[in-house]
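Peer 1: Got a structure for you, written out below as structure tokens; questions coming shortly.
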Amino acid sequence: MNKYFSTKTSIFVFASPALLLFTVFCVYPLLPEIWMSLQKHDGFRSMGFVGLENYKDVIASPSFWKAHKNTYLIVGISLLLGIPLSMMLALFMEVQTPKLRRFFKSAAMFPAILSVTVVSQIWLAFYEPNWGLFNSILKSIGLESWTHSWLTEKKTVMPSIGLVFLWQYIGLNAMLFYTGIKTIPKSYYEAALIDGANFVQVCLRITIPLLQNVIKYVLILSTLGSMAFYSHVRVMTAGGPGDTSRTVVYQMYYTAFDTSEFGKGTAIAVFFIVECLVISFLIQRFIAREKLEF
């Protein structure tokens, strides 16, 4: 029986329903979009087959590369700041009393369950240049020269929006790490304490290494979530000033719906899908390849 179920034919037979569903709902919908990207299209009708011209025009556009720069800035903020801070928050919650732990878990999840529109409107008030919270605090402590028009200056607009994204989802990642920490057997920590390990050594030698599968999941979630960054930009700046704060997804939306160049918009979408697939493959291929059992 085991020999029968281990053959490639039987594996294919049992996997085929899932593969069929994946093909119907994930692969097939992409085919019309790829076809549209090869045409001059206004969203209602095709105005002729143009081949790879849309892709050439997209690649030649400075806005496309500026959007990529902004997108990968958000990815960098999410990974280089968000994941370490989420891990520290999870470790902090783990050592609290049950009552404080419940409070911090609720507080950590609260921003993530809020609507993006609500969060963006709150931070718009914080960033308001005349009476906003940040500039008011800087003025009150004598640092008026540090005040900015945060969302209309080219140097500050993307870091400002990235901070909002970081704040909203850092708690969600922390809860994922915290859940992973709770699955680690207590006997490992007890053995480490007997050996005289301190808190930092326990974190570096036991907790973080045993969280590698959770770290991989959070890494994929954060990377692809940051790549798809759109809503905060739409509400807070609408891509401005000019095209300074556009991301790849916003550039795709702008090209397709604001300029009615759906062929170029879908070409950007195809580029975006390929990038996400490549990034996911690289993370799966090189991060946390060993299977942990404990």
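Peer 1: Of the chymotrypsin sites (Phe, Trp or Tyr not before Pro) in segment 28-118, which ones lie in a loop per DSSP and count no more than 14 other C-beta atoms within 10 Å?
Peer 2: Passing both the DSSP loop test and the Cβ count: Phe44.
Peer 1: Which one of Val235, Tyr127, Cys276 is farthest out on the positive end of the charge dipole of segment 61-287, using unit charges on Cβ (Lys, Arg +1; Asp, Glu -1) and the Cα centre as origin?
Peer 2: Toward the positive end, the furthest listed residue is Cys276.
Peer 1: Now a separate question. Find the centroid of the Cα atoms in segment 71-104 and in segment 13-57, then give the distance between the two in whole Å.
Peer 2: Their Cα centres are 39 Å away from one another.
Peer 1: Additional query: Quick one: in segment 18-108, what % of C-alpha pairs are over 15 Å apart?
Peer 2: Distances greater than 15 Å cover 77 percent of the Cα pairs.
Peer 1: With charges only on Cβ, +1 for K and R and -1 for D and E, what is the dipole size of the chain about its Cα centre, in debye, rounded to 20?
Peer 2: It works out to roughly 620 debye.
Peer 1: Which loop trypsin sites (Lys or Arg not before Pro) in segment 151-242, with loop taken from DSSP, have no more than 11 other Cβ atoms within 10 angstrom of their Cβ?
Peer 2: For trypsin sites (Lys or Arg not before Pro) across segment 151-242 that sit outside H, G, I, E and B with at most 11 neighbouring Cβ atoms in 10 Å, the list reads Lys154, Lys155.
Peer 1: What aspartates and glutamates does Lys155 reach when the alpha-carbon gap must be under 15 Å and sequence neighbours fewer than 8 apart in one chain are set aside?
Peer 2: Excluding near neighbours in sequence, the set is Asp243.
Peer 1: A follow-up question, please. Go through segment 37-138 and name the trypsin sites (Lys or Arg not before Pro) that are in a DSSP coil and have 15 or fewer other Cβ atoms within 10 Å of their Cβ.
Peer 2: Hits after loop and neighbour filter: Arg45.
Peer 1: Now, a different point. Quick one: divide the alpha-carbon radius of gyration of the chain by 2.2 N^0.38 Å and tell me what you get.
Peer 2: It is 1.24.
Peer 1: Something else now. Quick one: check the C-alpha center-to-center distance for segment 207-224 versus segment 246-280, whole angstrom.
Peer 2: Taking the Cα centre of segment 246-280 as reference, the centre of segment 207-224 is 27 Å away.
Peer 1: Can you give the FRET efficiency to the nearest 0.05 for Phe49 and Thr259, using r as the Cβ-Cβ distance and R₀ = 25 Å?
Peer 2: Step by step, r from the Cβ atoms, then E = 0.80.
Peer 1: Using the eigenvalues of the Cα gyration tensor, what equivalent ellipsoid semi-axes result for segment 135-279 when each is taken as the square root of five times the eigenvalue, whole Å, largest first?
Peer 2: Equivalent-ellipsoid dimensions as semi-axes: 40, 26, 10 Å.
Peer 1: Moving to a separate point now. Determine the share of segment 61-287's accessible area contributed by carbon and sulfur atoms, expressed in whole percent, with a 1.4 angstrom probe.
Peer 2: 69 percent
The values are calculated or read from the model by the stated rules, or taken from the named source; none is laboratory data. Bear in mind that the values here come from a model prediction, so they are computed numbers and not experimental data. Reconstructed Cβ throughout: ideal geometry from the backbone, glycine too, with neighbour counts over all protein chains shown. Ligands, DNA and RNA are excluded from the accessible area calculation, which covers all protein heavy atoms including side chains. Shrake-Rupley method; radii C 1.70, N 1.55, O 1.52, S 1.80 Å.
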